[in-house]
Each structure stands twice: as structure tokens, then as C-alpha cells.
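Computed from the coordinates by the stated procedures, all read-outs in this text should not be read as laboratory data. Note that this is a predicted model, so its numbers are computed, not measured. All Cβ positions, even for glycine, are placed from backbone atoms using ideal geometry, and neighbour counts span all protein chains on display.
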């Protein structure tokens, strides 16, 4: 069970890293013609596009990728807690852990 938990944590963490890199590239106003930037956008665009309809941008920064990062972190927390068989915490705790996880990633 620990191997599958590590696999879920690693794959989710790598995707979370890609979403956070996309957010940081938008803040830094990086050149999106760079092959690395294009790869990050291609990987994260299907999920970010869903939230772009609901979360407006502000001064050229698209906050939908940050919202996606919080949701991915919450899903990872719930998946790992369920996988290891622990009792599910309150939703407020999951939201707090998600903010802390994204902040300290």
C-alpha cells in the first residue's frame, strides 16, 4: 500500500509543480514561446481552462491556475488519507492543509 501511496503522491506532486510553475510564469510575464513554457502550458491547459470560465484574471494574472493548485492539493490529501485508511478530517482542515501545502511546496 505504501508503494501506491508514494506513486500517487509523486504523480500528483509533479502535476502540482507544473501548475505552480505556470502560475509563476504568468506572474513573471515569461516568454511563452520558450519550449519549457510551452510544455508546461500544454500539460496544464486542459485543467486550467475549466476554471478560467469561473475565476477572472486580474491585471494580467490568471488566478485559475492557483485555484487549480489548491484543488489538486486537496484531492491529494483526501486520496492519501483514504488510501492509508485514516479517518477523514473536517473539510476546514483539508482546506487549511491545502493552503499550507501549496504555500510551502
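What Kirkwood radius, in Å to one decimal, follows from the Cα pairs of the stretch 2-103? Please list the in-between numbers first.
On the way: mean 1/r = 0.0686 Å⁻¹.
Result for the stretch 2-103, one decimal place: 14.6 Å.
With n ≥ 4 as the cut-off for DSSP H runs, can you work out [θ] at 222 nm for the chain, using -39500 (n - 2.57) per run divided by the number of residues, rounded to the nearest 500?
Numbers: 4 runs with 78 residues, N = 105.
Using -39500 (n - 2.57) per qualifying helix, the result is -25500 deg cm²/dmol.
For helix 2-27, report the angle its Cα long axis makes with the longest principal axis of the Cα atoms of the chain; keep it between 0 and 90° and round to the nearest 10°.
30 degrees
Sorted by mean Cβ packing within 10 Å, highest first, what order do the peptides 89-101, 27-39 take? Numbers along the way, then the final one.
Numbers: 89-101: 13.2, 27-39: 10.9.
Ranking, from highest mean packing down: 89-101, 27-39.
At a 10 angstrom cut-off on C-beta neighbours, averaged per residue, how do the peptides 6-14, 42-50 rank from highest to lowest?
Numbers: 6-14: 12.6, 42-50: 14.2.
Ranking, from highest mean packing down: 42-50, 6-14.
For the Cα atoms of the chain, what angle does the longest principal axis make with the long axis of helix 91-103, in degrees from 0 to 90, nearest 10?
With both axes taken from Cα atoms, the answer is about 50 degrees.
Measure nothing fancy, just the Cα-based angle from helix 64-84's long axis to the longest principal axis of the chain, in degrees from 0 to 90, nearest 10.
On a 0 to 90 degree scale, this one is about 20.
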